[in-house]
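A.B. asks: What follows is a single structure, and I will ask about it in a moment.
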Amino acid sequence: MNIIVLNGSPKGDVSVTMQYVTYMQKKFPGHDYQIHNVAKDIRRIEKDCAVFDGIMGDIQSADLVIWAFPLYYLLVCSQYKRFIELIFERHAQEAFLGKYTASLSTSIHFFDQTAHHYVHAICDDLGMQYCGFYSADMRDLLKKEEQHRFATFAQLTFQLIGEALPVQAEHTPLVWPSWSYTPGRAPVPVGDSGKNVVILTDSADSAENCAKMAGRLMQAFSGNATLINLHDIDIRGGCLGCCQCGYDNTCIYTDGYQDFFKKTLGAADIIIMAGTVHDRYLSSTWKQFFDRSFFKGHTPSLGGKQIGFVIAGPLGQLPHLKEALNGWADNGGCRALFVTDEGEESAQLDKLLDAIAIRLVQGAETGYIPPHTFYAIGGHKIFRDSIYGGMRIAFQADYRYYQEHKMFDFPQKDLQTRMFNAVFVPLTKIPAFRKKVFSDIKFHMIKPFERVLRDA
Ligand SMILES: Cc1cc2nc3c(=O)[nH]c(=O)nc-3n(C[C@H](O)[C@H](O)[C@H](O)COP(=O)(O)O)c2cc1C
């Protein structure tokens, strides 16, 4: 079988994900493997069409295409995202049509589902036959049972292809809002009580709905907001995954991104992120913005801020994108509100944009951040355990931050609960005691609230 691996790690061959690919090569030596470091080489692929065409030619003759990538901010890295954009921009979809495909990622399982959902949907858009995904923890391959699991996945994938079994597409093509937003009369500006508002956009064309939505918001904040185009920030490239920032939060790049992030975004109370859907995410420019914030490690670096996502395009048809943006905000300790142009009606969109401006200011004035959901609660436990454990040496700045902010909140440190359990769990072995406890359990559950409600 002719297998093409599209390597999505900016680290090229020196990549954890590629160790899994090498393992596959060793376990199944009967196949021909060709690896393209598309994330690492993205500049060359972008500039030199012959390089891009060469990769497409290889794909054309492949029996299986493997999307192998590390998770970067709930998705693939910006360089890989750019490669996917190029496929559509250069009308190269034909090369992928009907090909069997699978995705393989390594990560610490923080939002691996959104990344694979994205790649699966892209494969469906390309008319490929998606055999499934394998989401490995970074260190899985060091364990015998995980080696076996991974080899079994590969074997089942090869079997499926060998038997030419059909695979059903799971994503229907997107239906795009196809209209032009015409903002109405300028809104009554919202009193912003001196709140610092930053509007970020990647829109390169003032005629786009995204740019017009951002413009309307500028008016809603009576021009006091700062409008920044991501293209105007000195960002020299995507995150390289080198992790050198892990020691003291200093990025290896010496461009303008860190200053912009710390000074401009750090000082903002409200950040509006205006973007247009590109394939099934925002643009790779937006992805680069998110990826580069990795220099702040696994800390809530924009915590406490109100975030307005202003999206042009079919967000309602992209649950994984909504989930990723919500997950990013929740995990970062922010409040997220959304407006899209999917209503296809200018007067209504005016009202929605004016309303989000009011709601964001009210949120900033009250300091309201919603309680965390599963995204952040689960994320915290993953990061806490990793930074305390195996990732501590690489992410020492995180370790210091977690210590300072009492984020190593392991349940075994809760002595009161431990003592309670030590006494009462054994007592439930006594049938009469157990009967009493379990028959009254719903009353025990509400008992602690008595005092709060009496005092309320
Ligand atoms: C910028 C950046 C963002 C990351 N984002 C995530 C993430 O969202 N979820 C996750 O589980 N791991 C995340 N990781 C961890 C990587 O996915 C993980 O280390 C991966 O195994 C690296 O693979 P590679 O060596 O092949 O590049 C991130 C790492 C970097 C450098």
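A.B. asks: Hey, what did the chain get for relative contact order, percent, Cα under 8 Å, at least 6 apart?
C.D. replies: Working: 712 pairs, mean separation 59.9, N = 456.
In percent, rounded to a whole number, it is 13.
A.B. asks: Using only the Cα atoms, work out Rg/Rh for segment 308-447, with Rh taken as the Kirkwood radius, to two decimals. Present the calculation step by step, with values, prior to reporting the outcome.
C.D. replies: Numbers: Rg = 22.7 Å, Rh = 19.7 Å.
With Rh from the inverse mean 1/r over Cα pairs, Rg/Rh is 1.16.
A.B. asks: Looking only at segment 2-162, where both bridge partners belong to it, what percent of the DSSP beta bridges are antiparallel (to the nearest 5)? Before the final figure, lay out each step's value.
C.D. replies: Details: 1 of 25 bridges.
Just about 5 percent of them are antiparallel.
A.B. asks: Next question, about the same structure. How do the peptides 202-209, 427-434 rank, highest first, by the average count of neighbouring beta carbon atoms within 10 Å per residue?
C.D. replies: Values: 202-209: 16.4, 427-434: 10.2.
Going by the mean number of other Cβ atoms within 10 Å, highest first, we get 202-209, 427-434.
A.B. asks: Would you kindly calculate the mean projected area, averaged across all directions, of the convex hull enclosing the Cα atoms of segment 66-194, in square nanometres? Write out the running numbers ahead of the final one.
C.D. replies: Values: hull surface 52.3 nm².
Directional mean of the projected Cα hull area for segment 66-194 stands at 13.1 nm².
A.B. asks: When ligands, DNA and RNA are left out and all protein chains stay put, how many square angstrom of accessible area per residue does the chain have with a 1.4 Å probe? Mind showing how you got there, number by number?
C.D. replies: Numbers: 22200 Å² over 456 residues.
Per-residue accessible area for the chain comes out at 49 Å².
A.B. asks: Could you pull out the trypsin sites (Lys or Arg not before Pro) across segment 183-270 that fall in loop regions by DSSP (anything but H, G, I, E, B) with no more than 14 other Cβ atoms inside 10 Å?
C.D. replies: Here the sparse-neighbourhood loop sites are Arg185, Arg236.
A.B. asks: How far is the Cα center of segment 337-357 from the Cα center of segment 154-204, in Å?
C.D. replies: 16
A.B. asks: Restricting the count to DSSP beta bridges whose residues both fall in the chain, what percent are antiparallel, rounded to a multiple of 5?
C.D. replies: 5
A.B. asks: Moving to a separate point now. Taking 8 Å as the Cα distance limit and 6 or more residues as the minimum spacing, I'd like the relative contact order of segment 149-219 as a percentage.
C.D. replies: Working: 22 pairs, mean separation 21.0, N = 71.
Relative contact order, segment 149-219: 30 percent.
A.B. asks: Right, next: Just reorder Leu453, Leu64, Leu141 by solvent-accessible area, largest first, 1.4 Å probe, all chains present.
C.D. replies: Working: Leu453 125, Leu64 0, Leu141 25 Å².
So the residues, ranked largest to smallest area, are Leu453, Leu141, Leu64.
A.B. asks: Evaluate the charge dipole of segment 197-366 about its Cα centre and quote only its size in Debye, nearest 20, assuming +1 on the Cβ of each Lys and Arg and -1 on the Cβ of each Asp and Glu. Intermediate results must be reported in sequence, preceding the final value.
C.D. replies: Working: 14 positive and 20 negative charges, 84 e Å.
With only Lys, Arg, Asp and Glu charged at Cβ, the dipole is about 400 debye.
A.B. asks: Before anything else, pin down the relative contact order of segment 2-162: Cα pairs under 8 Å, at least 6 apart, normalised by residue count, whole percent. Present the calculation step by step, with values, prior to reporting the outcome.
C.D. replies: Numbers: 254 pairs, mean separation 38.8, N = 161.
Across segment 2-162, relative contact order equals 24 percent.
A.B. asks: While we're here: Per residue Cα convex hull volume for segment 27-130, in cubic angstrom? It would help to have the intermediate numbers written out before the result.
C.D. replies: On the way: hull volume 10.9 nm³, N = 104.
Value for segment 27-130: 105 Å³ per residue.
A.B. asks: What is the percent carbon and sulfur in the accessible area of the chain, measuring with a 1.4 Å probe over the protein chains and ignoring ligands? List each step's numbers first, then the result.
C.D. replies: Details: 12520 of 22200 Å².
The value for the chain is 56 percent carbon and sulfur by accessible area.
A.B. asks: Would you list Thr226, Thr201 from the most to the least accessible area, probe 1.4 Å?
C.D. replies: Values: Thr226 65, Thr201 10 Å².
Listed by decreasing accessible area, they come as Thr226, Thr201.
A.B. asks: Compute and list, largest first, the equivalent-ellipsoid semi-axes of segment 412-455 from the alpha carbon gyration tensor, each √(5λ) rounded to a whole angstrom. Show your work: numbers first, answer last.
C.D. replies: On the way: eigenvalues 97, 64, 6 Å².
So the equivalent ellipsoid measures 22, 18, 6 Å along its semi-axes.
A.B. asks: For the charge dipole of the chain, defined by +1 on Lys and Arg C-beta atoms and -1 on Asp and Glu C-beta atoms about the Cα centroid, which residue among Ser193, Phe88, Leu453 has the Cα displaced farthest towards the positive pole?
C.D. replies: Of the listed residues, the answer is Leu453.
A.B. asks: Expressed as a fraction of 2.2 N^0.38 Å, the rule-of-thumb size for a compact globular protein of N residues, what is the C-alpha radius of gyration of segment 288-384?
C.D. replies: Working: Rg = 14.6 Å, N = 97, 2.2 N^0.38 = 12.5 Å.
Rounded to two decimals, the normalised Rg is 1.17.
A.B. asks: While we're here: Give me the distance between the Cα centres of segment 123-141 and segment 391-456, rounded to whole Å.
C.D. replies: If we compute the Cα centre of each part, the gap is 39 Å.
A.B. asks: Still on this model: Suppose we keep just the DSSP beta bridges with both residues in segment 260-355; what percent of those would be antiparallel, to 5?
C.D. replies: Values: 1 of 14 bridges.
Of those bridges, close to 5 percent are antiparallel.
A.B. asks: What do you get for Rg/Rh over the chain if you use C-alpha atoms and the Kirkwood form of Rh? Can you show the working numbers first?
C.D. replies: Working: Rg = 24.9 Å, Rh = 24.5 Å.
Result: Rg/Rh = 1.02.
A.B. asks: In square nanometres, what is one fourth of the surface area of the convex hull spanned by the alpha carbons of segment 71-130? If you can, show how the numbers build up before the last one.
C.D. replies: Details: hull surface 15.4 nm².
Hull-based average projected area comes out at 3.8 nm².
A.B. asks: Please work out the C-alpha center-to-center distance from segment 50-80 to segment 255-307 and express it in whole Å.
C.D. replies: Spelled out, the Cα-based centre of one part sits 26 Å from the other.
A.B. asks: Over its Cα atoms, what ratio of radius of gyration to 2.2 N^0.38 Å does segment 197-366 give?
C.D. replies: On the way: Rg = 15.6 Å, N = 170, 2.2 N^0.38 = 15.5 Å.
In units of the globular-protein estimate, segment 197-366 measures up at 1.01.
The values are calculated or read from the model by the stated rules, or taken from the named source; none is laboratory data. Note that this is a predicted model, so its numbers are computed, not measured. Please note: Cβ atoms are built from the backbone with ideal geometry, for glycine as well, and neighbour counts cover all protein chains shown. Note: areas computed on protein heavy atoms with side chains; ligands, DNA, RNA excluded. Shrake-Rupley method; radii C 1.70, N 1.55, O 1.52, S 1.80 Å.
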